[in-house]
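The values are calculated or read from the model by the stated rules, or taken from the named source; none is laboratory data. Keep in mind that what you see is a predicted model, and the values were worked out from it rather than measured. Neighbour counts are summed over all protein chains in view; Cβ atoms, including those assigned to glycine, are modelled from backbone coordinates with ideal geometry. Just the protein is used for accessible areas: all its heavy atoms, side chains included, with ligands, DNA and RNA removed. Shrake-Rupley method; radii C 1.70, N 1.55, O 1.52, S 1.80 Å.
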Amino acid sequence: MAGTRGIAKLRGEQLNDKIIRNRHFDENQKIDEKYIALSWNEHKEILEDTKIDVWVQSNGHAVDGSDSIDVTNAISGRPVSTSIDTEGVVLGQKVELRKAGTDDTPKISSTGKKVYGRLRGGVGTDEGNFYLDFYINGDAGEEAYIFSADAEDIDFRFIVRTNLAVLPVDALVSGGSGFVEGATDAKAYMNLLQLMKDLYGAAGSLNGDGNVTLTKSIIQQLEDEALERAEADQLIVSNLSDRNGSGLVGVVLDPNYSGVTVQQVVSELAERLNAQEELSNSDVVAARTRDEDTPNGFFEANQFDTLKDRLVDTENKMDATLKSHADRLLEIEVQDEREVYEAVGGESSYVLTNGVAKANTLFLSLNGQLQAPGLHYSEILDADGNITGVEFEPDLLEVHEEKPDVLLLWYKKVINLSA
């Protein structure tokens, strides 16, 4: 079975014309857009598919004595948005009101409630017509509201769902940004509460008096901690450098020694090293004074006065013998072989025809590209571990546009000396 990567692929200039298909591309490795000639300005459908809600403001509407007014002219015949993907006027959302001509003066009821509106119409019997109804949040929930007879005119803003392709350039700046639903909790917005809890713990609280709460500043605490840590580290060094300091430090339990402190382990190892040195002295003397005939007569006694001379002679003889063996083995084993094969199509393997290859000597090229064993193909081995062929499964050799795949194999051929 070949490797999981299949046969190695070629560079673009090595491929025949008109053979690239969708199956050649990896779905998990998309082509980078810098290699694709796209005119993004011509593809506004991306922006059109991206919906966005914007404020649209209308000014100068009389509301005296009214609980609802006709705002058809202000809505300008826009359709009604019926879903998140449908453009048009968004009904059901609060319509914010303010006193006409002011920056941020809301309309307030006599009970101190903020007055807001809701749009209705645009569909059914009211198709093409829109109305703005007025409400307040009362004790029982949302309640209809009627402006007094002397109520001043209002400005209002409502929500329109559109898309990024047609979004006005000033939509965010001129969309009635002065309307404010309520004050923002600055402490939560700036994450001050979370920071306070991290510094002071769960029992901490924010006060606004500007006075220091911590007995030590964070900077001072860090400086003190660094100083204390340096002093603690120095104490450890001082203890270890003391005569009995190593006894303060434990060691990992290990079957190779019985001590449980650094000093005990060092003492034990020193005793064992001393014993080894004493025993080795006799071995060294025996090696230096050895002078005997070898069984096969390659080395004879009484030929050398020093151990160095005997070692040099031994090295020279061994070097000459090994060189002779290496030369003869090179002549026997190093015989290069090469085979070429043109595919007929559909082959999943190839068997060597000129002999078997020595292990780790086979190189295989497919259409001029070197393949990696174990990744792009697998080797077929005999009982001795020699290579008898190669296998490409699940890939197959092909003949494309009357041009067959070409295999080139070269290897060290195994010579049978007994034949």
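Could you go through region 41-63 and let me know if any residue there is over 26 Å from residue 141 (Cα atoms), surrounded by 11 or more Cβ atoms within 10 Å (Cβ to Cβ) and without any contact (Cβ under 8 Å) to a residue 60 or more places away in the chain.
The answer is yes; a qualifying residue exists.
Scan region 164-174 and give yes if some residue there is modelled with pLDDT under 90 and open to solvent by less than 40 Å² (accessible area, probe 1.4 Å), otherwise no.
Quick first cut of region 164-174, residues modelled with pLDDT under 90 only: 164-174.
With the extra rule that they be open to solvent by less than 40 Å² (accessible area, probe 1.4 Å), the set shrinks to 165, 171.
Yes - at least one qualifying residue is present in region 164-174.
Go through region 18-40 and report how many residues are open to solvent by 90 Å² or more (accessible area, probe 1.4 Å) and assigned to a loop (DSSP other than H, G, I, E, B).
Taking region 18-40 first, the residues open to solvent by 90 Å² or more (accessible area, probe 1.4 Å) are 18, 21-23, 25, 27-31, 33-35, 37, 40.
Cutting the leftovers down to assigned to a loop (DSSP other than H, G, I, E, B) gives us 18, 21, 25, 27-31, 37.
Final tally of qualifying residues: 9.
Which residues, counting only those in region 28-77, are hydrophobic (A, V, I, L, M, F, W, C) and more than 18 Å from residue 91 (Cβ to Cβ)?
Selection gives 31, 36, 37, 38, 40, 46, 47, 62, 63.
Within the group 393, 401, 337, which residue is more than 39 Å from the chain's Cα centre (by Cα), surrounded by fewer than 16 Cβ atoms within 10 Å (Cβ to Cβ) and touching a residue at least 12 places away in the same chain (Cβ under 8 Å)?
401
Does residue 140 meet the test of being open to solvent by 80 Å² or more (accessible area, probe 1.4 Å), hydrophobic (A, V, I, L, M, F, W, C) and modelled with pLDDT of 75 or more?
Yes: the conditions hold for residue 140.
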